[in-house]
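J.: Here it is: the structure, laid out below.
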Amino acid sequence: MADGSSHGSGLPGVGTELELRASHADRDQVVDVLRVAAGDGRLTAEELDERVGAALTARTMGELVVLTADLPTATASWGVSEVKDIVRIEQEGASTRRGEGWVVPRRMEIRSAWGEVILDFTQAVITYDTLRLDLDIRGGSLKLLTRPGVVVDTDALVTNYAKIKASRSAVPQTPVVLRVEVAGELSFGQVVVRPPRRFGR
């Protein structure tokens, strides 16, 4: 069939959305989803190579959707970015937690006053090898719950009447899967880096 009739799905706007030109960010996002799926055992190495190649050369959103149509959750409605380059958290006197199944971005900007931010990496979906945290924390805390292979670097963090508590890894030979680079400023608060406790957080 010619191109026009194949888009008559009866769903308003679907055809035109699929015909939109894909951006570099759209292609990168699909590649990230494919790599996660391969890591979960849903795709073979050959399938991953084939689909990544197709994603990098895709011209439209429709071509990208086809590559992830048989994969769960992340691809069923990924039209808006599932894997974001930058995630911002802004709060005052509140508590924020990223827990099971959250997708780790390339960068996070955290602005917190007299509150608590918990980033739990134990069951997070890791799609990049580095996460940069830019902090502006006053009178609060940031807790990073790690797992083997997650390394935290706080050398670039400026502290004012604040402290950093870091537990040593019990598995020093584990290959690094994610390096968390903590930068910015921490005043009258603390950064805690540790594995999760058996019960509670």
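None of the figures in this text is laboratory data; all of them are computed from the coordinates on show. Keep in mind that this is a model prediction, so the values were computed, not measured. Note that we place each Cβ from the backbone using ideal geometry, even for glycine, and neighbour counts take in every protein chain shown.
J.: Run the quick spin-label model on Asp155 and Val192: label points 7 Å from Cα toward the beta carbon, then report their separation in nm to one decimal.
T.: In this crude label model, Asp155 to Val192 measures out at 2.7 nm.
J.: What net charge is computed for the residues neighbouring Ile110, neighbours being all others with C-beta under 10 Å from the C-beta of Ile110, Lys and Arg scored +1, Asp and Glu -1?
T.: Working: positive: Arg88, Arg111; negative: Glu90, Glu109, Asp134, Asp136.
Charge balance near Ile110 sits at -2.
J.: Determine, for Ser112, Ser23, the number of other Cβ atoms within 10 Å of each Cβ, and report the residues in order from fewest to most. Mind showing how you got there, number by number?
T.: Values: Ser112 25, Ser23 10.
So the residues, fewest neighbours to most, are Ser23, Ser112.
J.: Using 0.36 nm per residue of separation minus the Cα-Cα distance, give me the extension gain between Trp114 and Glu50 in nm, one decimal. Walk me through the intermediate numbers first.
T.: Details: separation 64, 0.36 × 64 = 23.04 nm, distance 4.89 nm.
So the chain would gain 18.2 nm between Trp114 and Glu50.
J.: What shape does segment 124-186 take by its C-alpha gyration tensor, where a ≥ b ≥ c are the square roots of the eigenvalues and a/c under 1.5 counts as rounded, a/b above b/c as prolate, and the rest as oblate? Present the calculation step by step, with values, prior to reporting the outcome.
T.: Details: a/c = 2.31, a/b = 1.68, b/c = 1.38.
Prolate.
J.: Looking at the square roots a ≥ b ≥ c of the eigenvalues of the Cα gyration tensor of segment 86-194, which shape do they give, rounded for a/c under 1.5, prolate if a/b is larger than b/c, or oblate? All intermediate terms of the calculation are to be shown ahead of the outcome.
T.: Values: a/c = 1.77, a/b = 1.39, b/c = 1.28.
Judged from the Cα gyration tensor, segment 86-194 comes out prolate (a/c at least 1.5, a/b above b/c).
J.: Tell me the label-point distance for the pair Asp40, Glu63, using the 7 Å Cα-to-Cβ offset, in nm and rounded to one decimal.
T.: 2.6 nm
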